[in-house]
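See structure below.
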Amino acid sequence: MSGQIVPGSMNVLPKLVFMLAWAALFAGLTLPTPTPEVANIATLGLMGVGLVLLALVPSARLVLRQPAIVLSAAAGVVLLVALGFTASSPLHIAMIMVLAPLWLAGPHAGLLTWLGARLTPLVIASLALAGAAAGAAIAAYGALVLQLERGGYLVNNPIHLGDLSLMLGFVALVGMLDRRRVRFVFLLGPVLALTAVWFTGSRGPLVAFVPMLVVAATVLAVMTLSRRQAMTAIAGVVLLIAVAGTAMIGLGLGGRLGGLGEAAMALVTGGPTDGAIGERLFMYQTAWNAFWASPWFGYGMIDYTISAAPFAPPGPGYPPSGHLHSDLADFAVIGGVLGLISYGLLLAAPLAGALATRGQNRQAALYLGATASVGYLSMGLTNAMFGILTQTVVYAVILALIAALAQPAPLAQGETA
């Protein structure tokens, strides 16, 4: 059966696909913080719709040529090769599917292109800001009203909620590229993100906030201000971070978060650290030792923390957990050098896709690419991001956004499906 699929026509199918594209944008940018399970199921289902769309509409497949999609797929191939050297059963190969959302970014982008010129920085920012606000509200409610030690337990692990709120809060800043006055509301993005991080008591996201703010401010200042104004704005942000950090450490504010200064000094001087930091340092040393014991192909994805355990340093140990609290450590142990190459390709994918974007959406793509790469690198230094489903899905959504912004035109009229 064949028929024309023309966006904007009175046909039922184009209207349905258009509505599903809006649903995909909402699920991927607003729901990850308040309802992560719903966000995951909805986004994965809509990625399936994107697969059908790619099969039926040839022009939709053009997004598969975008570097953001190509590099993420290449990362999967490299990791698959590494797993092939260590696998002892088909299940060891099949475990790579925990990263499957990354390779469904292409179909997701194909669905988002249906929005055409409606996929604007203002729309993306509005939905992401709602997601960051939800994260902040949930964390604050848990800490202030329910009197939980750390906010966020209502819906997620506090660290994960902090990471997700942080990413969405900075995605919201893309709205600053809109020229209307409404753009200034999106300055609330990082504020809401920081609020969520504060009430979750998550130190890793708080550390990641600093490079993300510097990079976001630099990119936006260069894009929207004169050279002198940009330099002044960047210097102001750096000064603000320095003053706030000094005040927090010097006055002992923030409880668990305020202990970051003491922890940093302990790391430099070799003094004792608290339990959480000590456990992470133990994991990182274990990963380092395990990497050098099998540097090329690693140990595979199944029970890789148990495979690394024999290489733990002497001293008080910790039972193996589900991951090593660092993407760098995880990929190094799972796939050795090939795993690290795969990780590098994943981090490079948003930037590569942004750099290849031309036209009126270039600035938005560049901002999203820089923020996503720096954000997932910095957050992933102290906690797993790839392989945790919601964080993986959000990264795939950002890849899809960049690819769709690079290919914003509606599908060609007159195509047959």
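The values are calculated or read from the model by the stated rules, or taken from the named source; none is laboratory data. Here the structure is a predicted model, which means the values were calculated and not measured. Here Cβ is always computed from backbone atoms with ideal geometry, including for glycine, and neighbour counts include all displayed protein chains. Side chains are part of the model used for accessible areas, which takes the heavy atoms of the whole protein and leaves out ligands, DNA and RNA. Shrake-Rupley method; radii C 1.70, N 1.55, O 1.52, S 1.80 Å.
Would you call Ser72 surrounded by fewer than 17 Cβ atoms within 10 Å (Cβ to Cβ) and either at negative phi or modelled with pLDDT of 95 or more (or both)?
Details: surrounded by fewer than 17 Cβ atoms within 10 Å (Cβ to Cβ): no; either at negative phi or modelled with pLDDT of 95 or more (or both): yes.
In short, no.
Return the total of residues in segment 369-407 being closer than 19 Å to Trp103 by Cβ, part of a helix (DSSP H, G or I) and among the aliphatic types (A, V, I, L, M).
14
Could you grab me the full set of residues in segment 36-52 that are open to solvent by less than 50 Å² (accessible area, probe 1.4 Å), within 19 Å of Gly135 (Cα to Cα) and over 16 Å from the mean Cα position of the chain (by Cα)?
Once the filter is applied, which keeps residues that are open to solvent by less than 50 Å² (accessible area, probe 1.4 Å), within 19 Å of Gly135 (Cα to Cα) and over 16 Å from the mean Cα position of the chain (by Cα), segment 36-52 yields only Ala42.
Criterion first (out of contact with any Asp or Glu (no Cβ under 6 Å at 6 or more places or on another chain), farther than 26 Å from Val197 by Cβ and of a type outside the set (A, V, I, L, M)) does His92 satisfy it?
Yes: the conditions hold for His92.
Within the bounds of segment 57-67, is there any residue that is assigned to a helix (DSSP H, G or I) and touching a Ser or Thr at 6+ places or on another chain (Cβ under 7 Å)?
The answer is yes; a qualifying residue exists.
Anything in segment 86-98 that is over 11 Å from Met301 (Cα atoms) and either outside any helix (DSSP H, G or I) or modelled with pLDDT of 95 or more (or both)? List them, or say none.
Ser88, Ser89
In segment 104-153, how many residues are open to solvent by 10 Å² or more (accessible area, probe 1.4 Å) and either part of a helix (DSSP H, G or I) or among the polar types (S, T, N, Q) (or both)?
Total meeting the criteria: 20.
Could you list, in sequence order, the residues of segment 308-331 that are under 19 Å from Leu102 (Cα atoms) and of a type in the set (Gly, Ala, Ser)?
Ser326, the sole residue that qualifies.
Across segment 352-388, what is the number of residues that are in contact with a His (Cβ under 7 Å, 6 or more places away or on another chain) and either open to solvent by less than 30 Å² (accessible area, probe 1.4 Å) or within 18 Å of Gly116 (Cβ to Cβ) (or both)?
Looking only at that region, the number is 2.
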